[in-house]
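This report refers to the structure that appears directly beneath it.
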Amino acid sequence: MRRKLVAGNWKMHGGLARNRALLDSLVQAVGTGGSADCAVCVPFPYLAQTQELLKGTALTWGAQTLSEHAQGAYTGEVSAAMLADFGCRYVLVGHSERRSLYGEGNETVAAKFVAAVQGGLTPVLCLGETLEQREGEITEKVIAAQLDAVVQAAGMNGLAKAVIAYEPVWAIGTGRTATPQQAQDVHAFIRARLAESDVALAQRLQILYGGSVKPQNAVELFGMADIDGGLIGGAALVAEDFLAICAAAAK
């Protein structure tokens with residue numbers, strides 16, 4: 001199975017000139033193909049630029065969130081169909097910042113997941129626990145609730161059209177890091193949870209790690225049995241770092 005790398009940390013960063021320089025660097029390095037599938041998820045205003053620069057390359061692209069509604073009087077929202085108009089393949093669903101800053105609970109995340117699948121997009125379903133939850137030893141309970149809400153809404157068939165990303169909230173931008181074994185343990189739990197319903201799906205579903213992947217730790221992380229790639233954070237904003245992670249994924 002080819003590893004998958006999704007650059008999801010544009011967040012509310014970027015600018016036309018800065019984006020062009022970064023994307024041009026990625027195209028020159030991996031745009032004709034490689035040993036890993038690479039994608040970038042950018043803010044809505046830059047989707048047209050991203051489509052223009054990446055069309056015809058091996059790189060794919062997507063957005064950082066979407067509305068759970070297909071259309072209607074939802075001022076400011078962006079639907080799956082709108083994202084598809086810009087050639088998006090992926091969309092992040094349930095990112096930790098959407099959950100914590102914008103109050104997106106498990107039911108809302110599940111509804112957005114369904115909207116993405118119905119709109120022909122591949123949702124990157126983000127799951128993760130806070131530091132308080134980890135220290136309270138309820139990581140598996142939290143992950144299970146987040147995952148089960150999506151399975152209940154979309155079914156296993158819906159999940160088959162997705163990618164999962166485990167992002168421990170306590171290891172994102174805090175200076176703390178999860179060890180490769182800690183990451184592996186949660187990935188193994190997610191796969192085992194899915195295997196209770198569909199063993200074949202659990203084995204082939206890609207589960208990415210999204211807790212501060214860097215060139216320095218990428219090789220060891222990707223060497224774990226149940227880590228199939230990365231949802232890349234801050235390193236996605238530095239071409240050299242992202243390309244070094246791509247190289248690690250190819251090993």
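The values are calculated or read from the model by the stated rules, or taken from the named source; none is laboratory data. Note that this is a predicted model, so its numbers are computed, not measured. FYI the Cβ positions are ideal-geometry reconstructions off the backbone, even for glycines, and counts take in every protein chain you see.
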Discussion item. Among the residues in the stretch 241-251, are any more than 28 Å from Val27 (Cβ to Cβ) and either at pLDDT below 95 or surrounded by fewer than 21 Cβ atoms within 10 Å (Cβ to Cβ) (or both)?
Written reply: no
Response to the item:
Output for Cβ contacts, cut-off 8 Å, separation at least six or different chains, first residue touching a residue at least 24 places away in the same chain (Cβ under 8 Å) and over 19 Å from Glu107 (Cβ atoms) in the stretch 134-152, second hydrophobic (A, V, I, L, M, F, W, C) and surrounded by 15 or more Cβ atoms within 10 Å (Cβ to Cβ), reads Arg134/Trp170; Thr139/Val186; Glu140/Val186; Glu140/Phe189
Practice prompt. Check Glu135 against each of (1) farther than 23 Å from Pro43 by Cβ; (2) at pLDDT 95 or above; (3) charged (D, E, K, R) and name the one condition it does not meet.
Written response: (2)
Discussion item. If I ask for residues that are without any contact (Cβ under 8 Å) to a residue 24 or more places away in the chain and surrounded by fewer than 18 Cβ atoms within 10 Å (Cβ to Cβ), which ones from the stretch 83-110 would you list?
Written reply: Asp85, Leu101, Tyr102, Gly103, Gly105
Fill in: In the stretch 174-194, the residues that are of a type outside the set (Lys, Arg), surrounded by 14 or more Cβ atoms within 10 Å (Cβ to Cβ) and touching a helix residue (DSSP H, G or I) at 6+ places or on another chain (Cβ under 8 Å)
Thr177, Ala178, Pro180, Ala183, Val186, Phe189, Ile190, Leu194
Item to complete: For the stretch 195-206, enumerate the residues that are under 17 Å from Thr122 (Cβ atoms) and either touching a Cys at 6+ places or on another chain (Cβ under 7 Å) or surrounded by 14 or more Cβ atoms within 10 Å (Cβ to Cβ) (or both).
Response: Leu201, Leu205, Gln206
Practice prompt. For residues that are in a helix (DSSP H, G or I) and within 17 Å of Gln182 (Cβ to Cβ), tally how many sit in the stretch 218-251.
Written response: 5
Discussion item. I'd like the full set of residues that are in contact with a strand residue (DSSP E or B) (Cβ under 6 Å, 6 or more places away or on another chain) and in a helix (DSSP H, G or I), limited to the stretch 78-92.
Written reply: Leu83
Item to complete: Tally the residues that are surrounded by 15 or more Cβ atoms within 10 Å (Cβ to Cβ) and either outside any helix (DSSP H, G or I) or among the small types (Gly, Ala, Ser) (or both), restricting the search to the stretch 142-154.
Response: 4
Discussion item. Just to be sure I understand the filter: pairs with C-beta atoms under 7 Å, separated by 6 or more residues or on different chains, first member in the stretch 23-45 and at pLDDT below 80, second member charged (D, E, K, R) and surrounded by 16 or more Cβ atoms within 10 Å (Cβ to Cβ). Which pairs pass?
Written reply: Ala36/Arg3; Ala36/Lys4
Worksheet, complete the sentence: Subset of the stretch 155-170, residues of a type in the set (A, V, I, L, M), buried (at least 18 other Cβ atoms within 10 Å of the Cβ) and within 20 Å of Lys4 (Cβ to Cβ), comes to Leu159, Ala162, Val163, Ile164, Ala165
